[in-house]
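S.K.: Take this structure, written in structure tokens, and hold onto it; I'll ask about it next.
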Amino acid sequence: MFRTIVITRPAFFCDEAQQAARLLMRGDAGLLHIRKPQSCEEEVEALVIQLADEWRDRLVLHDYFHLAVRYGLHGVHLNSRNPLPPAGWHGSVSRSCHTLEEVRRYKTACTYVSLSPIFDSVSKQGYHSAFSREQIAAAVHDGTIDNKVYALGGVRFSMLEEVRAMGFGGAMILGDAWR
């Protein structure tokens with residue numbers, strides 16, 4: 001099943017919880033990744049509290065994993081700051097990858113991984129696609145890219161069918177979701 005995931009902006013903004021809830025309610029996002037790398041725990045927890053009652057089964061945290069345990073959230077996203085899930089974690093585990101080798105290394109241990117950048121970024125100036133169509137096709141052919149690998153980087157809602165046709169199991173959207 002192809003899934004669309006929306007990633008929050010790095011910084012908080014007015015009415016963010018309401019906009020995120022709208023994306024989840026309309027089905028534009030199957031999951032919401034809460035990624036606030038410069039934020040303190042209290043700020044992240046406040047957003048989780050605003051969303052958790054109705055959407056806890058669709059929220060994934062990039063930091064403060066103990067909040068995922070406390071609020072019974074869907075998942076955690078591993079990164080350099082948090083390379084391991086919390087002890088005893090039973091929810092989903094995801095990870096960002098920037099090379100096909102990283103995909104091969106991490107996808108068996110994760111529920112899903114993202115590969116980026118697939119297209120030129122919507123939100124980051126100068127962040128361009130790192131993979132040719134031929135490289136993507138070869139990675140699909142050899143099984144590196146499959147239903148556990150999600151396209152990230154420059155993905156827009158209008159491109160979801162294109163991403164699916166390329167062989168990805170889903171898409172992760174940041175810039176286009178918050179315009």
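The values are calculated or read from the model by the stated rules, or taken from the named source; none is laboratory data. The model shown is predicted, which means the values in this text are computed figures rather than measured ones. Every residue, glycine among them, receives a Cβ derived from its backbone with ideal geometry; neighbour counts consider all protein chains shown. These accessible areas exclude ligands, DNA and RNA; they are computed on the full protein's heavy atoms, side chains included. Shrake-Rupley method; radii C 1.70, N 1.55, O 1.52, S 1.80 Å.
S.K.: In the stretch 121-163, what residues are of a type in the set (V, I, T) and within 17 Å of G30 (Cβ to Cβ)?
M.R.: V149, V155, V163
S.K.: To continue, here is another question. So, in the stretch 128-167, of the ones that are open to solvent by 70 Å² or more (accessible area, probe 1.4 Å) and assigned to a loop (DSSP other than H, G, I, E, B), which residue ends up farthest from T111 (Cα to Cα)?
M.R.: Here the answer is H128.
S.K.: Modelled with pLDDT under 95, under 16 Å from the mean Cα position of the chain (by Cα) and more than 28 Å from G143 (Cα to Cα) - does that describe any residue in the stretch 83-105?
M.R.: no
S.K.: Do you know which of the residues in the stretch 23-45 that are of a type in the set (A, V, I, L, M) and touching a strand residue (DSSP E or B) at 6+ places or on another chain (Cβ under 7 Å) is farthest from R3 (Cα to Cα)?
M.R.: V44
S.K.: Filter the stretch 1-59 down to the residues that are free of Cβ contacts under 8 Å to residues at least 12 places away in the same chain and closer than 20 Å to N82 by Cβ, then identify the one that is surrounded by the fewest Cβ atoms within 10 Å (Cβ to Cβ).
M.R.: By that ranking, first place goes to E42.
S.K.: Further, regarding this structure: Looking at the stretch 78-86, is at least one residue of a type in the set (S, T, Y), open to solvent by 40 Å² or more (accessible area, probe 1.4 Å) and in contact with a helix residue (DSSP H, G or I) (Cβ under 9 Å, 6 or more places away or on another chain)?
M.R.: no
S.K.: Now a separate question. Search the stretch 60-77 for residues being under 14 Å from the mean Cα position of the chain (by Cα) and not acidic (D, E), and hand back the single one that is most open to solvent (accessible area, probe 1.4 Å).
M.R.: H74
S.K.: On to the next question. I need the full set of residues from the stretch 87-125 which are of a type in the set (K, R) and open to solvent by 30 Å² or more (accessible area, probe 1.4 Å), in order please.
M.R.: The answer is R95, R104, R105, K124.
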